[in-house]
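The structure appears right after this line, and notes come after that.
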Amino acid sequence: MKILVLGPGAREHAIVLALLAEDAGHSIVCAPGNAGIAASGVDTVDLAFTDPVAVEKYVADRGFDLVIIGPEAPLVAGVADPLRAGGVPVFGPNADAAQLEGSKAFAKRIMDEAGVPTGRAAQVTSDSAAAVLDEFGAPYVVKADGLAAGKGVLVTEDRDAALAHVATWAPHGEVLVEEFLDGQEVSLFFFADGTDVVALTPAQDYKRIFDGDEGPNTGGMGAYSPLPWLPGGTEAFVEEIKQTVAIPTVRQLAAEGTPFIGLLYCGLIVTSKGVRVIEFNARFGDPETQVVLARLESPLSAYLLAAAQGELASLPAPTFSDEPAMIVVLASEGYPGDVATGREITGLDAAAAVTGVHLVHAATARTATDGWIATGGRVLGVVSRGQNFAEARARAYSAMNEIDLEGGQFRTDIAERVV
C-alpha cells in the first residue's frame with residue numbers, strides 16, 4: 001500500500017517501524033516525521049500536518065491508499081474530516097468524535113450516557129473550585145479540559161497547589177475536579193471502525209518524571225507490556241474492558257451520529273471496587289505504542305485499513321509475542337519544564353547494537369557532520385524485548401548507558417516492579 005503517516009514523534013516512528021517490519025513492500029511517507037524516521041529509510045515531508053486544507057491537498061495531489069493520523073492535535077483540528085468525506089481511507093476519528101480526547105467534559109458525558117464505569121467529576125471555575133475541592137477531598141485531582149500535552153493533570157495533597165492549577169488553566173477553557181481513584185493504571189488500545197472494536201494488548205506507562213513516581217507529570221517516561229499482575233489474567237481483563245468500556249463508548253458515539261473510527265485509547269485504573277476509566281485518548285498512546293507494537297506479530301496495516309473501511313469484524317484477533325517489551329525514555333535537562341536543546345547526543349549506534357534493542361526518535365536532528373542533537377523535551381526511547389522482564393530490563397538499560405546527552409535524564413525503575 002501507499003501509506004501516509006502524519007505526525008512528528010516517537011509514536012509515529014514506532015508505527016513506521018511496525019509497517020516496515022511487515023516486509024510487504026509498502027510505500028511509506030511520514031509528514032513531517034523526524035530525523036530518526038528519515039534514518040529508518042522512510043521519506044519525510046515538511047507539511048502543515050494539523051491543517052486540514054494542506055493535508056487534503058497533499059493527499060489529493062499524490063494519492064494514498066491509507067492515511068494514519070498519529071497525534072491528537074490534527075485529529076481535534078479535523079484533519080480526518082475532508083479526507084474521509086473524499087473517500088480516502090483514514091485511520092483516525094473526525095473532529096467531533098476526537099472530542100473524546102479533546103474535551104474531558106465531553107468524554108465524561110459520553111461515559112455517563114453509555115454506563116461506562118468512571119469516577120465522579122465536576123466542572124469548576126476559579127470561584128467555585130475551593131468548595132468542590134473540599135467536597136471531593138484530598139488527594140485532589142484537577143484536569144484541564146482540553147489538550148495539554150500530558151501536563152494538564154495535577155494530583156496533589158496540597159489544596160493551594162490544586163487551586164493554583166485551576167487558576168492556571170481556567171482562562172484557557174473548562175477545568176474538572178475529579179474523584180481520586182487509587183490503584184494500578186493500565187493502558188488498553190482498541191482498533192475501532194465506528195461499530196466494532198478489536199483489542200490490542202495491555203501496557204502500563206510511567207507519567208512522573210522521577211523514579212518512584214515522584215515529580216511532575218510528563219508525556220510519559222517509559223512503559224512495559226504485558227502486565228502479569230492483571231486480575232483474572234490478560235484475556236479475561238481485555239474481554240471485560242471490551243464489553244464494559246470500548247463497545248458501549250463506540251456504540252454511544254455512533255448513536256449520536258459521531259462514529260469513532262481509529263484508535264480508542266482506554267486509560268484505566270484497577271481499584272478495590274473494580275476497573276474504572278480515567279480518560280480516553282483518540283490515538284495511539286506514547287510511549288505505550290512503542291511496547292505494544294514491539295510485541296505485535298500480526299500485520300498492523302491490515303487492522304488500520306480494516307478500521308478505516310469499517311471491516312474489523314472480518315479480521316481475527318491480533319497475535320502478540322510472549323516476550324515482554326519495555327521502553328525507557330531519554331529526556332532533556334529541564335523537562336517537563338523549560339528544556340535545554342541543541343545538545344549533542346552520542347552512542348546511538350552502540351545502543352542500537354545491543355541484542356533485542358531498537359531506538360525510536362522523538363526530538364532529534366542531524367548535524368552537518370551526521371551527528372545527532374536533541375531538539376525537544378522527550379528526545380528518544382530505548383525499546384527492548386527479552387525472554388523475561390529481567391532480560392528486557394538488562395538490555396534496555398545496557399543500551400541507555402551507551403547514550404550520552406549532557407543533562408539527559410531517564411527513569412531507572414521502568415518495569416522494576418514486575419521483576
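Quick note: the coordinates plus some simple rules give every number you see, no bench work behind them. The structure displayed is predicted, hence computed values, not measured ones. A quick note on method: Cβ atoms are made from the backbone with ideal geometry, for glycine too, and the neighbour counts reach across all protein chains shown.
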Using θ = phi - 60° and the Karplus form 6.51 cos²θ - 1.76 cosθ + 1.60, what ³J(HN,Hα) does each residue of the range 339-355 get, whole Hz, x for Gly and Pro? 9, 8, 10, x, 8, 6, 10, 10, x, 5, 5, 5, 5, 5, 7, 5, 3
In the calculated pair distance distribution of the range 215-300, what percentage of Cα-Cα distances lie above 16 Å? 64 percent
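Residue separation times 0.36 nm, minus the C-alpha to C-alpha distance between residue 135 and residue 2: what's the value?
42.5 nm
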So who's got an amide H within less than 5 Å of the one on residue 194, skipping anything under 5 residues away but keeping other chains? H placed 1.01 Å off N, in plane. 260, 262
Determine, for each peptide in 323-335, 115-127, the mean count of other beta carbons within 10 angstrom over its residues, then list the peptides with the highest first. 323-335, 115-127
With a bin width of 5 angstrom, please list the P(r) values of the range 1-94 as percents of all Cα-Cα pairs, from the 0 bin to the one holding the largest distance. 3, 15, 29, 27, 18, 8, 1
In whole Å, what are the extents of the range 121-178 along the principal axes defined by its C-alpha atoms, from largest to smallest? 26, 20, 18
Tell me, in nm to one decimal, what length is gained between residue 322 and residue 416 on full extension, where the rule is 0.36 nm per residue of separation less the Cα-Cα distance? 32.0 nm
FRET efficiency for residue 272 and residue 370, using Cβ-Cβ distance with R0 set to 51 Å, rounded to 0.05: 0.40
Within the range 344-410, DSSP-loop GluC sites (Glu not before Pro) with at most 15 other C-beta atoms within 10 Å are 406
Can you bin the chain into rounded, prolate or oblate? Criterion: square roots of the alpha carbon gyration tensor eigenvalues sorted a ≥ b ≥ c, rounded for a/c under 1.5, prolate for a/b above b/c, oblate for the rest. rounded
Pull out the extension gain between residue 120 and residue 311, defined as 0.36 nm times the separation in residues minus the alpha carbon to alpha carbon distance; nm, one decimal. 65.2 nm
For the range 194-249 and the range 34-96, distance of Cα centres in Å: 26 Å
Taking a ≥ b ≥ c as the square roots of the eigenvalues of the Cα gyration tensor of the range 52-111, is the shape rounded (a/c under 1.5), prolate (a/b larger than b/c) or oblate? prolate
In deg cm²/dmol, rounded to 500, what helix-only [θ] at 222 nm does the chain give when every DSSP H run of at least 4 residues adds -39500 (n - 2.57) and the total is split over its residues? -8500 deg cm²/dmol
Using the 2.2 N^0.38 Å rule of thumb for compact globular proteins, work out how the range 325-418 stacks up: its C-alpha Rg over that value, please. 1.06
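If you average the sequence gap of Cα pairs under 8 Å that are 6 or more apart and divide by the length of the range 325-418, what percent do you get for the contact order? Mind showing how you got there, number by number?
Details: 206 pairs, mean separation 39.0, N = 94.
Value for the range 325-418: 42 percent.
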List every residue whose amide H lies under 5 Å from the amide H of residue 44, counting only residues 5 or more places away in sequence or on a different chain, with H placed 1.01 Å from N in the peptide plane. 30
Report, in whole Å, the centroid distance computed from the Cα atoms of the range 154-173 and the range 348-419. 34 Å
If you rank 273, 207 by fewest surrounding Cβ atoms within 10 Å, what's the result? 273, 207
State, to one decimal in nm, how far the label point of residue 182 lies from the label point of residue 160, with both points 7 Å from Cα in the Cβ direction. 2.5 nm
Within the range 50-76, the residues whose backbone N lies under 18 Å from a label point placed 7 Å from the Cα of residue 27 along the Cα-to-Cβ direction are 57-68
